[in-house]
2 protein chains.
Amino acid sequence: METVSENRAFGGVQGVYRHTSAVCNCDMTFGLFLPAEAADGPVPVLWFLSGLTCTHENAMTKAGAQSWAAEQGIALVFPDTSPRGEGVANDEAYDLGQGAGFYVNATQAPWAEHFRMWDYVSDELPALLSDTFAIDPERQSVTGHSMGGHGALTLAMRHPGRFRSVSAFAPIANPTASDWGRKQFDAYLGADEATRAAHDATLLMRQGGFDGPMLIDQGTEDQFFDLLRPQALAEAMAAQRQDGVLRMQKGYDHSYFFISTFMEDHVTFHAEALYA
Amino acid sequence: METVSENRAFGGVQGVYRHTSAVCNCDMTFGLFLPAEAADGPVPVLWFLSGLTCTHENAMTKAGAQSWAAEQGIALVFPDTSPRGEGVANDEAYDLGQGAGFYVNATQAPWAEHFRMWDYVSDELPALLSDTFAIDPERQSVTGHSMGGHGALTLAMRHPGRFRSVSAFAPIANPTASDWGRKQFDAYLGADEATRAAHDATLLMRQGGFDGPMLIDQGTEDQFFDLLRPQALAEAMAAQRQDGVLRMQKGYDHSYFFISTFMEDHVTFHAEALYA
């Protein structure tokens, strides 16, 4: 593993690291914020999964999360959103290929060779983190934005007992019923309905939901509202009696200004679960 | 004036606006955060002047200032760092031409036609802001980073009575004695010593300093430490008995992680002066 950069930040260290991923069959880069407390032993960790077009860097520099994580003594992980590089398949559209991994394992050509983001964030990166850094694998929570909100919700629901809490900012909540989802599932996963359903937060919610607290924020002025379908997830959460809160935030859109505005609430929410 | 974008953020609005600048003889873009209180009448304003290579956008998205400004009911202005566009002179180096206006009025060809950032941030943009937005020109403070710290300090010292407080993150503190300064002053200002001295915070400090409180933060691991020459300003501040604090922050570098770590302190510092 290679250290790309380390900056002192909020009393801790904001690092960027590159490693060879066996799962994605290419080099992968991620950001990791370690609070000052990590010098004394393993700390809890909050995953932040990013949205379409993002690298490991966007949330790391624009979400304002380190301030609150430092206050709570929590590490933050910022994975990339797809495999990358010259030998990696891509598409001209912003919402397919590099920058648009959708947190699935592709089964279809030309994507299957590298696009295995589900296994990457589920298995390979967590193992690397707990082997290498002062991170406590018994205290993990997960959040994300847009496509990353989709990733956070599906990851949390499909790994019962792993995450103590889950939250999302404007998640793609029902991809099997949206043009943010159907197109990508066609390309990556093909026609198999069961495989597709296993990557849809609303459908997973209907099958049992998440075994912990859930927080969803959604801006009322989100320019992608119709693609996100929060109403489908809201319905499923209520029907499932899911322990959770979904907040419709008046006037807010899909940007990082929306994320940074409510980041304190999310980190505080996860801290309560991580230190319970 | 044209609205480029407006995003709800921290209960207020983060806007980006474009206007035709008579001073710079081209279109100029700036960011403006207005807190919720601006709906009820003019609010105090804190200027943030950015560093080399930055546009209006870098600090607006990475400095984390809106959170604290909203808490204090203060507006934030994020000007660009130079004139820009096809007809505007430029240089291949990152530290000259577009993105590197150095907050001076160029007197030398080919720069004199557009590079008049001193008049732009001193006169034209302040007038536009107080004419157009709910901003109180009687309550202004100024801060900045690196080249923008230089701009903030020189602006504050050369406009006595205008700014209630000034601060800077890792400012270019003594440009007449640095390769970050001499090169640009040669190009923009020519050889005239008096003109150059009027844009050097250390020299201005020696001639009287600032008529209000001053806060300077400087990271000990700043990779540009030798170019910034904080020791020259520190000496001049002490010699002048300047009301102010200069903090050497152990382990911090020149990045936005350094800025965002201490932004709360700076906004709180200015708020005390703005609401005194």
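The values are calculated or read from the model by the stated rules, or taken from the named source; none is laboratory data. Small disclaimer: the values here were computed from a predicted structure and weren't measured. For neighbour counting, all protein chains shown are included, and Cβ atoms are generated from backbone atoms with ideal geometry for every residue, glycine included.
In the set (1) out of contact with any Leu (no Cβ under 9 Å at 6 or more places or on another chain); (2) away from chain B (no Cβ under 14 Å); (3) buried (at least 18 other Cβ atoms within 10 Å of the Cβ), A:Arg206 fails one condition alone, (3).
Is at least one residue of the stretch A:213-227 in contact (Cβ under 8 Å) with a residue 60 or more places away in the chain, in a loop (DSSP other than H, G, I, E, B) and not aromatic (Phe, Trp, Tyr)? Taking every residue of the stretch A:213-227 in turn, at least one turns out to be in contact (Cβ under 8 Å) with a residue 60 or more places away in the chain, in a loop (DSSP other than H, G, I, E, B) and not aromatic (Phe, Trp, Tyr). For the residues A:Asp131, A:Asp123, the requirement of being charged (D, E, K, R) and touching a residue at least 40 places away in the same chain (Cβ under 8 Å) singles out A:Asp123. Tell me which residues, restricted to the stretch B:235-258, are crowded, with 18+ Cβ neighbours inside 10 Å and touching a residue at least 12 places away in the same chain (Cβ under 8 Å). Answer for the stretch B:235-258, where residues must be crowded, with 18+ Cβ neighbours inside 10 Å and touching a residue at least 12 places away in the same chain (Cβ under 8 Å): B:Ala236, B:Met237, B:Gln242, B:Gly244, B:Leu246, B:Gln249, B:Tyr252, B:Asp253, B:His254, B:Tyr256, B:Phe258. Check B:Gly64, B:Gly51 and return the single one that is within 16 Å of B:Phe262 (Cβ to Cβ), small (Gly, Ala, Ser) and touching a His at 6+ places or on another chain (Cβ under 7 Å). Every option except B:Gly51 fails the conditions. Listed by position, the strands (runs of 3 or more DSSP E) enclosed by the stretch B:1-65 that each have at least 1 residues that are out of contact with any strand residue (DSSP E or B) (no Cβ under 6 Å at 6 or more places or on another chain), within 13 Å of chain A (Cβ to nearest Cβ) and crowded, with 24+ Cβ neighbours inside 10 Å are B:2-9. Checked against (1) surrounded by 20 or more Cβ atoms within 10 Å (Cβ to Cβ); (2) more than 14 Å from chain A (Cβ to nearest Cβ); (3) of a type in the set (A, V, I, L, M, F, W, C); (4) free of Cβ contacts under 8 Å to residues at least 24 places away in the same chain, B:Ala197 passes all but a single condition, namely (1).
When restricted to residues that are hydrophobic (A, V, I, L, M, F, W, C) and over 20 Å from B:Gly101 (Cβ atoms), the stretch B:204-229 contains 6. Number of residues in the stretch A:251-262 that are part of a loop (DSSP other than H, G, I, E, B), facing another protein chain (nearest Cβ under 9 Å) and touching a Gly at 6+ places or on another chain (Cβ under 8 Å): the value is 3.
So is B:Gln98 in contact with a helix residue (DSSP H, G or I) (Cβ under 9 Å, 6 or more places away or on another chain), farther than 28 Å from B:Gln242 by Cβ and modelled with pLDDT of 95 or more or not? Answer is no for this residue. Test of understanding: among A:Pro230, A:Pro175, which residue is in contact with a Phe, Trp or Tyr (Cβ under 8 Å, 6 or more places away or on another chain) and either within 14 Å of another protein chain (Cβ to nearest Cβ) or under 16 Å from A:Gly144 (Cβ atoms) (or both)? The conditions single out A:Pro175.
A count restricted to the stretch B:135-177 and to residues that are crowded, with 17+ Cβ neighbours inside 10 Å and either charged (D, E, K, R) or outside any helix (DSSP H, G or I) (or both) stands at 22. Right, B:Asp265: within 14 Å of chain A (Cβ to nearest Cβ) and surrounded by 16 or more Cβ atoms within 10 Å (Cβ to Cβ) or not? Against the criterion (within 14 Å of chain A (Cβ to nearest Cβ) and surrounded by 16 or more Cβ atoms within 10 Å (Cβ to Cβ)), B:Asp265 does not qualify.
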